[in-house]
1. Any idea which of B:356, B:411, B:347, B:421 is in a helix (DSSP H, G or I) and more than 30 Å from residue B:170 (Cα to Cα)?
2. Give me the pairs: first residue in region B:197-222 and outside any helix (DSSP H, G or I), second residue surrounded by fewer than 19 Cβ atoms within 10 Å (Cβ to Cβ), beta-carbon distance under 8 Å, and six or more apart or on different chains, which are they?
3. Scanning region B:278-301 for residues that are in a strand (DSSP E or B) and in contact (Cβ under 8 Å) with a residue 24 or more places away in the chain, which turns out surrounded by the most Cβ atoms within 10 Å (Cβ to Cβ)?
4. Every residue in region A:335-361 that is surrounded by 16 or more Cβ atoms within 10 Å (Cβ to Cβ) and free of Cβ contacts under 8 Å to residues at least 60 places away in the same chain, please.
5. So residue A:159 fits all but one of (1) within 26 Å of residue A:338 (Cβ to Cβ); (2) within 13 Å of chain B (Cβ to nearest Cβ); (3) crowded, with 24+ Cβ neighbours inside 10 Å; what number is the exception?
6. Somewhere in region A:344-359, is a residue assigned to a helix (DSSP H, G or I), within 18 Å of residue A:76 (Cα to Cα) and in contact with a strand residue (DSSP E or B) (Cβ under 7 Å, 6 or more places away or on another chain)?
7. Please work out which residue is surrounded by the most Cβ atoms within 10 Å (Cβ to Cβ), limiting yourself to region B:223-243 and to residues that are in contact (Cβ under 8 Å) with a residue 60 or more places away in the chain and closer than 20 Å to residue B:299 by Cβ.
């Protein structure tokens with residue numbers, strides 16, 4: 001099949017790098033409010049009926065939303081196999097915690113209201129809290145570690161190796177900068193969850209959500225600014241040494257990489273990318289204002305814009321790096337040397353172009369069918385059929 | 001790499017995969033049964049069919065959610081625990097997994113919410129369409145997963161690239177239309193349909209024993225037994241298709257399942273029962289049925305099926321041939337810019353056996369240094385555990401045939417005996433509820449254990465595929481999974497039991513109103529009311 005040569009290899013790699021970002025953002029925008037709502041649950045809803053209202057705002061959609069996460073994993077596997085191999089095995093125990101959260105959360109949604117016992121329900125409420133809060137925090141920690149660089153090297157057979165004991169590797173992830181990343185992602189998703197609740201609920205729940213969401217937005221903006229400052233003065237970036245071979249074979253060891261300089265030098269070589277952090281700040285600030293003023297739809301949209309800006313700013317700043325290595329910079333994974341083959345990228349693009357519009361269409365339809373607030377009456381009148 | 005790590009990684013993968021497959025078959029089958037019931041409701045408008053849809057749908061939901069949750073583990077474990085595998089074959093293997101998400105799982109998961117929450121928000125027909133989309137999504141999901149697994153059994157449409165040190169896709173078409181994948185898909189979804197049919201049959205039988213919800217139970221048995229009969233036949237017939245494709249793609253697995261050590265002149269007999277002995281290389285006390293093996297495996301009377309000893313000798317030749325490829329690969333890697341075209345040609349010529357040379361990595365760092373004993377040892381490694389395969393396969397097939405008998409019995413009783421079921425048969429139906437799960441797990445055991453020592457048959461040895469983790473890493477996650485999954489299992493089963501005990505929600509007023517409205521139209525010729533229960 002020679003069809004795939006219609007699109008150049010390097011262009012396909014950039015397209016798949018963009019799609020990777022789209023999937024991460026899609027995940028954060030949809031499943032992000034599920035996680036935020038889970039983390040807010042114990043604080044915005046006190047009585048059982050209130051909690052069921054909160055849970056049922058995401059009840060019918062969390063399953064579809066979670067697929068963004070699963071599809072993200074699948075797309076990394078298909079389009080960036082070295083990234084999939086290196087990151088998932090390297091963050092082993094952290095990945096296990098994320099998995100645990102993503103296993104317990106569905107079960108908690110589904111099973112919580114299937115028994116009347118208060119103890120049973122309270123246990124599941126905490127499971128929902130942990131299932132939302134833990135990944136919301138860990139994703140930011142992971143992004144922080146990616147910016148710091150990760151201690152792995154590739155053997156000549158391209159086997160990824162990490163040094164250190166099991167717990168040692170987990171603790172090493174908790175660098176202060178990475179923790180700051182966790183604070184940003186956690187507060188950002190709290191804000192997003194609050195924006196969702198302000199749209200989907202009314203009365204006290206919505207009020208509490210707005211109040212917490214405003215504060216969370218403030219923390220997110222401050223943390224994001226601080227992280228930018230930290231990157232400017234305290235953290236080394238990475239750079240490719242030799243000329244870029246953008247359509248060569250996907251073998252990370254063929255390129256030479258140095259550590260040094262700043263990630264932020266990208267803003268002088270590609271000034272246009274400043275639009276991403278500007279979107280991040282503007283979106284988060286406007287979402288905060290919207291939460292305080294009690295605006296509903298526009299607040300959620302601003303919150304989405306803010307998240308999109310914050311996530312894309314990380315990718316654009318690091319380009320072409322995807323996963324830099326601290327112990328052996330030459331092993332670092334970049335857009336030019338960590339992708340699938342030309343043909344696989346092409347086929348996956350065709351499949352994505354067919355199905356992604358369909359997915360967006362039917363997802364939009366489902367949200368339209370479910371449009372409107374969830375009230376206490378909805379829950380009490382349909383006690384047997386809702387969560 | 002220590003063997004301990006590989007063994008623990010295998011244990012964890014096997015456990016989490018088999019646990020995942022406790023929920024998948026019921027999802028596959030029950031989604032379709034529920035969609036059929038809802039279709040009958042939309043066509044006849046009779047409330048009982050909606051109540052059935054909702055009741056079986058609620059059990060479907062309890063099961064579905066754990067299938068989803070444990071499926072995430074499967075997708076992430078390749079990267080977490082099998083990182084060299086992920087690097088080595090991700091270019092091919094990742095694609096079907098991603099397409100599964102795009103094409104199937106997204107649809108299934110997006111609409112399943114509307115299935116439960118959309119009853120009052122959608123028209124009857126729209127809701128039925130939603131239910132069908134969930135069912136179709138689940139089944140398409142299985143298709144792509146089995147295309148991925150089928151490729152591990154029969155790696156077509158791919159080639160090793162010395163520059164990237166991995167397998168790369170050469171033909172997407174071959175990967176998708178891999179005969180092993182197609183046979184496996186139909187076999188696996190049919191097994192799921194049988195599982196759901198046996199489940200619905202068993203629960204309905206329980207209601208008949210307990211003398212409650214008889215309307216629902218009888219109708220459910222009628223649907224389940226006819227659907228289950230078709231599925232049970234298809235499982236066996238298409239299982240045979242798998243056997244046929246194994247005869248030219250995975251000869252060693254087939255010979256091991258059969259406990260056939262020596263090549264027998266065609267047509268080979270089938271060992272119905274016997275005691276395979278790996279030490280003596282003999283199957284003791286074998287009871288044989290002449291010709292049958294030859295017919296199943298080759299669909300001819302003249303073609304030979306090679307025995308284990310012959311295949312082992314063949315493996316040794318392939319190891320030696322693979323060493324030539326390995327040597328050429330090392331030359332290419334040493335200086336890839338200036339390597340002579342002859343070396344690349346040598347590599348191309350022998351690259352199909354490269355994987356066999358990697359079997360030696362268990363014994364020496366550089367396979368080229370292997371001694372003759374080590375090569376012989378590696379060739380012996382290509383024989384999987386014959387005893388467990390032999391027995392697991394026979395138990396699975398035995399169960400498969402018994403499902404046909406069960407389904408015929410209930411189908412005939414439901415169709416021609418006015419839904420009269422002898423009491424013993426109802427008790428039996430309850431008792432056999434767990435058996436389809438046993439058969440399905442045995443099937444996966446045969447498929448995966450029979451592929452050893454490979455993760456990708458003939459391409460990548462299992463011992464090389466695992467991540468470079470510490471034993472402590474594995475022990476922590478193993479303990480985590482065992483605790484976590486056990487708790488979830490207990491909760492799941494207890495909720496299933498609770499909801500089966502509670503029974504369907506019957507809207508009596510609604511049903512009576514419907515009956516009053518339609519009684520004149522449905523009165524039968526013998527003057528009896530259409531809703532009179534058949535005489536007990």
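1. Every option except B:411 fails the conditions.
2. B:212/B:503; B:213/B:503; B:213/B:506
3. Ranking the candidates gives B:283 first.
4. Once the filter is applied, which keeps residues that are surrounded by 16 or more Cβ atoms within 10 Å (Cβ to Cβ) and free of Cβ contacts under 8 Å to residues at least 60 places away in the same chain, region A:335-361 yields A:351, A:355, A:356, A:359.
5. It fails just one condition, (3).
6. Yes, there is a match, as at least one residue in region A:344-359 is assigned to a helix (DSSP H, G or I), within 18 Å of residue A:76 (Cα to Cα) and in contact with a strand residue (DSSP E or B) (Cβ under 7 Å, 6 or more places away or on another chain).
7. Among residues in region B:223-243 that are in contact (Cβ under 8 Å) with a residue 60 or more places away in the chain and closer than 20 Å to residue B:299 by Cβ, the one surrounded by the most Cβ atoms within 10 Å (Cβ to Cβ) is B:235.
Residue-by-condition table, conditions (1) under 30 Å from residue A:90 (Cα atoms); (2) at pLDDT 95 or above:
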residue: A:267; (1), (2): yes, no
residue: A:276; (1), (2): yes, yes
residue: A:279; (1), (2): no, yes
residue: A:289; (1), (2): no, no
residue: A:293; (1), (2): no, no
residue: A:297; (1), (2): no, no
residue: A:306; (1), (2): yes, yes
residue: A:309; (1), (2): yes, yes
residue: A:319; (1), (2): yes, no
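The values are calculated or read from the model by the stated rules, or taken from the named source; none is laboratory data. Treat the numbers as computed from the prediction; the structure is a model and nothing was measured. Note: ideal-geometry Cβ built from the backbone for every residue, glycine included; neighbour counts use all protein chains shown.
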